[in-house]
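The structure under discussion appears below in the form of structure tokens.
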């Protein structure tokens, strides 16, 4: 049985997606949990805070593709599921050509701004970066732009039924970059070299991803500069809504960092980020199943398989409940002690900070999985614009409250934001008939049946 399970978790389909996503999340969690004490101890809180601020910038660059990658990835996967290969290839070529040109322009514009009119923008980071703050940020920007090519390559592998291969390669990039970063920091390296560790790691693994597409999905590997206006117009509306989503996540996650840094100082940032990293660990566990379900949900929707669609919704809901409730209980009981132990006493948060971010964790872990399934079928317009407004409001709220309450103020803003998003996404999911009483009653039984099939008992 064990051999069969291992074989299925490394193959295609939902089980293979879960296996790949699980390993990816395990690596990401290890990276997050170990990076905090390594970087905070060797760099000090002030330099580490500057690094966190600089490294938040690429998250905003995720919207520079104008949402084309996300919308196109769903479209390419749906076309492939319906055996419309010519349509999938045309979309792939158009988006890759357009996004490549946009990426080149983004790096060039950032360089011009930082080297001339905005040369004083990074004055706060020059001491921590050894005078190389501008070069460090430009390398980080290039890393972020290269990440868009990762997303395009992942879309190609996903369309060919090789989503696990894409995730394994992206996970390899994370491992390579992080191990290089740790080695650099432990030997006394600074911020510029740390940024270069990330950029070189991305370049190596991106080359491997392109080779994988050529071998596994050759019909999508035909590179051609093909920016078709008709294709871009067709994708415009879902792309516009998709463009907002990375910005919204950046605002709600990284925007909090900037707000705390501006309102309470860089030294206060690690208190918020360390607690949030710990609380988000449980959400990432639920994300293993949910994100792995998204490619399958796209295919089920494209083929009109309503039973499969309901099954995947049930799986996401039940996974969230099983993971989040026990995790929240542990964090409410021993969260401050766990953070202090984890960081070697460098960071000792108050109970209020931990309690509010734990509550935000539970709320977030309930609405994000359903919104992801909506996004997998390009129905994200139902929540993306509200998401943007609430995310912007939460950052303003975090700045105002952090001036009076420090990191606890940002935690309160985060908790209110996730509560509002849960209400809105739940409302929209009911309108799509993703959440209804009968389906919720059937959810435990459906998940039990899926588990039985996985174990070979049904």
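The values are calculated or read from the model by the stated rules, or taken from the named source; none is laboratory data. Every value quoted in this text rests on a predicted model; they were computed, and no experiment measured them. Every residue, glycine among them, receives a Cβ derived from its backbone with ideal geometry; neighbour counts consider all protein chains shown.
Can you tell me which residue among 425, 395, 400 is in the same structural domain as residue 271 (by TED's automatic domain parsing), farther than 10 Å from residue 256 by Cα, surrounded by 18 or more Cβ atoms within 10 Å (Cβ to Cβ) and out of contact with any strand residue (DSSP E or B) (no Cβ under 9 Å at 6 or more places or on another chain)? Just one listed residue meets the conditions, 425. Checked against the criterion of being touching a residue at least 40 places away in the same chain (Cβ under 8 Å) and touching a helix residue (DSSP H, G or I) at 6+ places or on another chain (Cβ under 8 Å), the candidates 172, 78 yield just one match: 78. Against the conditions (1) buried (at least 20 other Cβ atoms within 10 Å of the Cβ); (2) under 20 Å from residue 164 (Cβ atoms), residue 273 satisfies every one except (2). With respect to the conditions (1) within 20 Å of residue 171 (Cβ to Cβ); (2) at pLDDT below 85, residue 296 lacks only one, and its number is (2).
When the residues of segment 319-339 are filtered to those that are more than 24 Å from residue 289 (Cβ to Cβ) and touching a residue at least 40 places away in the same chain (Cβ under 8 Å), the one that is surrounded by the fewest Cβ atoms within 10 Å (Cβ to Cβ) is 338. The numbered conditions (1) surrounded by fewer than 19 Cβ atoms within 10 Å (Cβ to Cβ); (2) over 27 Å from the mean Cα position of the chain (by Cα) are all true for residue 106 except (2). Just for segment 117-126: of the residues that are part of a loop (DSSP other than H, G, I, E, B) and in contact with a helix residue (DSSP H, G or I) (Cβ under 8 Å, 6 or more places away or on another chain), which one is surrounded by the fewest Cβ atoms within 10 Å (Cβ to Cβ)? The residue in question is 119. Residues satisfying the criterion are present in segment 217-236 (criterion: surrounded by 20 or more Cβ atoms within 10 Å (Cβ to Cβ), in contact with a helix residue (DSSP H, G or I) (Cβ under 6 Å, 6 or more places away or on another chain) and not in a helix (DSSP H, G or I)).
Scanning segment 250-288 for residues being assigned to a helix (DSSP H, G or I) and closer than 15 Å to residue 49 by Cβ gives a total of 22.
Listed here are the residues, each with its yes/no results for (1) surrounded by fewer than 17 Cβ atoms within 10 Å (Cβ to Cβ); (2) within 24 Å of the chain's Cα centre (by Cα); (3) not assigned by TED's automatic domain parsing to the domain that holds residue 44.
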residue: 115; (1), (2), (3): yes, no, no
residue: 128; (1), (2), (3): no, no, no
residue: 131; (1), (2), (3): yes, no, no
residue: 137; (1), (2), (3): no, yes, no
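Look at residue 193 and say whether it is surrounded by fewer than 20 Cβ atoms within 10 Å (Cβ to Cβ), at pLDDT 90 or above, outside any helix (DSSP H, G or I) and in the same structural domain as residue 52 (by TED's automatic domain parsing). No. When we screen 165, 183 for residues that are under 26 Å from the mean Cα position of the chain (by Cα), farther than 27 Å from residue 46 by Cβ and either surrounded by fewer than 20 Cβ atoms within 10 Å (Cβ to Cβ) or in contact (Cβ under 8 Å) with a residue 24 or more places away in the chain (or both), the only hit is 165. Look at residue 348 and say whether it is without any contact (Cβ under 8 Å) to a residue 60 or more places away in the chain and either assigned to a helix (DSSP H, G or I) or buried (at least 22 other Cβ atoms within 10 Å of the Cβ) (or both). Here the answer is no, as residue 348 does not meet what is asked. Evaluating residue 84 against the criteria (1) over 24 Å from residue 168 (Cα atoms); (2) in contact (Cβ under 8 Å) with a residue 40 or more places away in the chain leaves one unmet condition, (2). Can you name the residue in segment 293-308 that is closer than 12 Å to residue 373 by Cβ and touching a residue at least 60 places away in the same chain (Cβ under 8 Å) and is also nearest to the chain's Cα centre (by Cα) among such residues? Residue satisfying both the conditions and the ranking: 294. Those helices (runs of 4 or more DSSP H) of segment 374-458 in which 2 or more residues are closer than 29 Å to residue 15 by Cβ and modelled with pLDDT of 90 or more occupy 407-431.
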